[in-house]
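The values are calculated or read from the model by the stated rules, or taken from the named source; none is laboratory data. Since this is a predicted model, take the numbers as computed values, not measurements. As a convention, Cβ positions derive from the backbone with ideal geometry for all residues, glycine included, and neighbour counts pool all protein chains shown. These accessible areas exclude ligands, DNA and RNA; they are computed on the full protein's heavy atoms, side chains included. Shrake-Rupley method; radii C 1.70, N 1.55, O 1.52, S 1.80 Å.
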Amino acid sequence: MQTNDHKIRDYSAALEAEYGMHGTPERAEFDEEAYAFYTGQILLETRKKARLTQAELAKRIGVDKSYISRVEKGITVPSVATFYRIVNALGRSVELTPSL
């Protein structure tokens, strides 16, 4: 999927062409990988703003530095409990709000 030619695109159509319609196994797999990557990037940015190294964060929650690296890259999806431990160790909280 080429995206650097500065033309306006309908990305919903592009995603459907590449990964299938919502509800298909291929699209579900893509969505899960995208959510994992996005979550990892949020945690990476938050960790950096907190001025913590991966090793420091790992020590705070009792895991290896490599685990934090894999989470930040979207390779590993933490359990809900581990996600909350990470968030709390970063001095943050999670708030659920209604979708628009």
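Some notes on this structure:
- Accessible area of the chain divided out per residue, in Å², using a probe of 1.4 angstrom: 76
- Most fluctuating residue given options LEU57, LEU90, LEU15, as computed from a GNM of the chain linking Cα atoms under 10 Å: LEU15
- Of GLY23, GLY40, GLY74, the one that fluctuates the most in a GNM where the chain has Cα springs shorter than 10 Å: GLY23
- Selection among ASN4, ALA81, LEU57 by position relative to the dipole of the chain gives LEU57 as farthest towards the positive end (Cβ unit charges, Cα centre).
- For the chain, trypsin sites (Lys or Arg not before Pro) are listed when DSSP marks them as loop and at most 10 other Cβ atoms sit within 10 Å of their Cβ; the list is LYS7, ARG51.
- Taking a straight line from the alpha carbon of LYS48, these lysines sit under 17 Å away, with near neighbours fewer than eight places off in the same chain left out: LYS59, LYS65, LYS73.
- Highest-MSF residue in the chain out of ALA14, ALA55, ALA34 [GNM, Cα springs under 10 Å]: ALA14
- Counting every C-alpha pair in the range 1-41, the share spaced more than 14 angstrom apart comes to 55%.
- Using a Förster distance of 30 Å, the FRET efficiency for HIS6-ARG70 (Cβ separation, nearest 0.05): 0.30
- Averaging 1/r across all pairs of distinct Cα atoms in the chain and inverting the result yields a Kirkwood radius of 15.5 Å.
- Per-residue ellipticity at 222 nm from helix content only, as computed over the chain with -39500 (n - 2.57) for each DSSP H run of at least four residues, stands at -18500 deg cm²/dmol.
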